[in-house]
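What follows is one structure encoded as structure tokens, with my remarks underneath.
The values are calculated or read from the model by the stated rules, or taken from the named source; none is laboratory data. Computed from a predicted structure; not experimentally measured. Using ideal geometry, Cβ is built from the backbone for each residue, glycine included, and neighbour counts are taken over all protein chains shown.
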């Protein structure tokens with residue numbers, strides 16, 4: 001959702017998957033706020049359906065599961081958020097076998113933003 005991280009994520013995905021175009025499925029906190037056991041399982045199913053559309057209709061080559069510093073919509077400590085990004089990536093691996101899923105965390109870096117692999 002945060003526009004500050006969209007460009008570095010898009011560039012990372014374009015390079016990683018060798019594509020020109022990148023779908024972005026975003027929301028405040030995204031899947032991190034709704035890991036299994038959360039009250040709103042319908043939210044998770046909706047996000048998974050959006051990902052399926054990206055994979056099938058747009059032939060997306062992989063998924064980047066991202067979290068970032070300074071998240072106003074899901075303000076939790078960075079270490080906890082990094083763990084939840086990895087947990088969410090593992091959830092996606094269980095749903096989308098055979099699709100490369102890369103967990104990342106985006107950090108502020110010298111006035112810009114940098115994507116770090118988790």
- Note on the structure: All-but-one check, residue 99 against (1) closer than 20 Å to residue 6 by Cβ; (2) touching a residue at least 12 places away in the same chain (Cβ under 8 Å), failing number (1)
- Mind checking whether some residue in segment 69-79 is over 18 Å from residue 10 (Cα atoms), in a helix (DSSP H, G or I) and touching a helix residue (DSSP H, G or I) at 6+ places or on another chain (Cβ under 6 Å)? no
- Message: Between a residue in segment 69-91 that is in contact (Cβ under 8 Å) with a residue 24 or more places away in the chain and on the phi < 0 side of the Ramachandran plot and any residue that is surrounded by fewer than 14 Cβ atoms within 10 Å (Cβ to Cβ) and not in a loop (DSSP other than H, G, I, E, B), which pairs come within a Cβ distance under 6 Å, given they are 6 or more apart or on different chains?
- Response: 69/108
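On the given criteria, is residue 97 more than 12 Å from the chain's Cα centre (by Cα) and at negative phi?
yes
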- Could you grab me the full set of residues in segment 16-40 that are part of a helix (DSSP H, G or I) and modelled with pLDDT of 65 or more? 16, 17, 30
